[in-house]
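See below for the structure under consideration.
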Amino acid sequence: MPAPGPRPPPRPVLLLFILLFAAACSCGLAGAGGGGGGSCELSVTRGGALYSFALAAPTPAHRHGVLSEDGFYKVAVNDSILWFQLCDEMLFNFDPPMCLNCEDCGGPLRCGTQCSALVSNNVGGYDVCTTIGSLSESHLSLIDESNPQKGVVVKMFSPKCSISVSVICDSTVAQVPDKFVVSGHCDYATTFKHPSGCARSISASGSGWGWFGTLFKTILSLLGGYILIGAVYRYYFLGIHSVEAIPNLDFWISLPQRIKTMLVPATRNRVNYNRDGLGAYVSVSH
């Protein structure tokens, strides 16, 4: 007769394993996204402090962060017009670009919708477009390496051109750009002020919980959501109107005793091992 196999873990214990796995995955994803930063995220350490930028994160006054709610920023200087969007491709619900050579940024029917920066220059009486930046070719850096609070620079590239947008920290006002400069063959630059250019600063001295704090909060959130949803379901759909509405109540009540049972034997075994390890005295004859 074959030996009985291992007993499957109780459902609540299995649930805890699932919650721990989900929490670890979420923390791993958070760490992967926040460490090096995406196209509009940056984290740097200066002077024992961690400075984090998230340009697309909502602020109290700007629900889309640094992104233009119109779908694009527009700057006109003389006969040239510059369109760009940060952290996304441009979107035109009105006043789209009307220029030639827009094939690599949406084509003549959807000009400007498949890139993040476009410039139009008057050449021989015709408006000719040039793509100068795309979302996939973007980079975030500090305006001043010694002063992270000053803001960040978003630089985007195209095969032949580039655009640098300096987002200066201003916690009170968002001032859209009104001019741009051109250097070299096809390198554009503009500047504006925005609250999203201000860094969130936290201590990097190690006094905080770090990733363990994130893991702990994630586990509590998942566990609380499970208990809440389960209690609502049992209360309204199963008609359980007492404390028994809490799912797996017996397990939660016995959890402290289970933990104690697992820890106490291990402690006793360690003490017994240490005592046995002292050995016995052996007489030695000379």
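Which lysines, if any, have their Cα less than 25 Å from the Cα of LYS155, not counting same-chain residues under 8 positions apart?
LYS74, LYS179, LYS193
Check SER68: other-chain or 5+ apart residues with amide H under 5 Å from its amide H, H built from backbone geometry?
Amide H neighbours of SER68, under 5 Å, 5+ apart: LEU86.
Amide H of SER134 versus every other amide H placed in the peptide plane: which residues, excluding those fewer than 5 positions away on the same chain, fall under 5 Å?
For SER134, the qualifying residues are SER116, PHE157.
How do 239-246, 98-105, 113-120 rank on mean C-beta neighbours within 10 Å, highest first? Numbers along the way, then the final one.
Numbers: 239-246: 12.2, 98-105: 18.0, 113-120: 25.4.
Per-residue mean Cβ counts within 10 Å order the peptides as 113-120, 98-105, 239-246.
On full extension of the chain, what length is gained from TYR126 through MET262, given 0.36 nm per residue of separation minus the C-alpha to C-alpha distance?
Numbers: separation 136, 0.36 × 136 = 48.96 nm, distance 8.01 nm.
This chain segment gains 41.0 nm when fully extended.
Only the coordinates and a few stated rules stand behind these numbers; no lab work does. Every value quoted in this text rests on a predicted model; they were computed, and no experiment measured them. With ideal geometry, Cβ positions are generated from the backbone for all residues, glycine too; neighbour counts draw on all protein chains shown.
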